[in-house]
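The values are calculated or read from the model by the stated rules, or taken from the named source; none is laboratory data. Because the structure is predicted, anything quoted here is derived from the model rather than measured. Please note: Cβ atoms are built from the backbone with ideal geometry, for glycine as well, and neighbour counts cover all protein chains shown. To get the accessible areas, we keep the full protein, side chains included, count just its heavy atoms, and leave off ligands, DNA and RNA. Shrake-Rupley method; radii C 1.70, N 1.55, O 1.52, S 1.80 Å.
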Amino acid sequence: VVIHSKGLNLFMSKITARYSAYNIFVSPWLLEVSGYHGENKCVIPCGVDTTTFTPIERVKARKLLGWNENEQIILFAGAFDNEIKNSPLAKEAVSLVPNTKLVELRGYTREQVNILINAANSLLMTYHREGSPVIIKEAMACGTPIVSVDVGDVKVVTSGVNGCYISTYDANDIAAHISQALTFKGKTNGPQCIVEKGLSNDIVVKRIYNIYQKVINMPKR
């Protein structure tokens, strides 16, 4: 279902939730938007593949990509032509930070995305709408600084992670946080927070599996 959409999609999602045996919401925000108050629900964020997304030293990652070691590179969390990703705001914000380059995330394998995230100075997210963006957890798992608008569960997920900054939808505010991210040295404590918050795929899968078992064992109506 598409809770974070509007109009007919949201309306149909609410009906689906009402008649479902159980409802899993990927963020507290989506649960709130749904307006669902039944007891057969829980919040389980989307998980991250911690076997693929792991920290790599930036210098090593850039050598693998053939990138200049001294460039200040901001990795945009999506394709520029995807309207929901809101790339015009990202481009405007990055243009306000001298000597920075915005790189589009498009057409790569997951293994290549891991290298790109590790090679970047920071990941940037400016999405209009989102539920529980996996790319944020992937950046956390890599220990890469993050600058993001307050969308989906980003604020909750990145809470306690150093080198991660939540911005408004104002280009100047985003630019100021990008400048902060560029001064961050080394890796963030994102990998540790992924473990502590139970956001790895293996833990998330177990939680979902347990819910399916619960639903299967429910008395037939």
Can you compute the radius of gyration and Dmax for the stretch 171-217, using only the Cα atoms, both in Å?
18.3, 53
Average silhouette area of the stretch 3-114, convex hull of alpha-carbon atoms, in square nanometres:
10.0 nm²
Return one number: the angle in degrees, 0 to 90 and rounded to the nearest 10, between the long axis of the Cα atoms of helix 110-119 and the longest principal axis of the Cα atoms of the chain.
50 degrees
Contour minus Cα-Cα distance for Glu92 and Asn217 (0.36 nm per residue):
39.7 nm
Return the single residue from Phe184, Phe76, Phe53 with maximal mean-square fluctuation; model: Gaussian network over the chain, springs between Cα atoms under 10 Å.
Phe184
If you wrap a convex hull around the alpha carbons of the stretch 84-199, what volume per residue comes out, as a whole number of Å³?
98 Å³
Relative to the present Cα-Cα distance, how much length would full extension add between Lys60 and Glu39 at 0.36 nm per residue of separation?
2.7 nm
Where nothing but the Cβ of Lys and Arg (+1) and of Asp and Glu (-1) is charged, how large is the charge dipole of the chain around its Cα centre, in debye to the nearest 20?
700 debye
Solvent-accessible surface ranking, highest first, for Trp67, Trp29 at 1.4 angstrom:
Trp29, Trp67
Sequence-distant residues sharing a close amide H with Tyr165 (under 5 Å, placed H):
Ile146, Val147, Ser148
What is the helix-to-structure angle for 201-216, meaning the angle in degrees between its Cα long axis and the longest Cα principal axis of the chain, kept from 0 to 90 and rounded to the nearest 10?
10 degrees
Entries of Lys41/Lys155; Lys60/Lys206; Lys91/Lys137; Lys41/Lys91; Lys137/Lys214; Lys101/Lys155 with Cα pairs more than 32 Å apart:
Lys60/Lys206; Lys41/Lys91
From the Cα centre of the stretch 148-200 to that of the stretch 59-109, the distance in Å is 16 Å
Calculate the all-directions average of the projected area of the stretch 114-182's alpha-carbon convex hull, and give it in nm².
4.1 nm²
Cα convex hull volume per residue for the stretch 140-215 (Å³):
86 Å³
With springs only between Cα atoms under 10 Å apart, run a GNM on the chain and tell me which of Met125, Met12, Met140 wobbles the most.
Met12
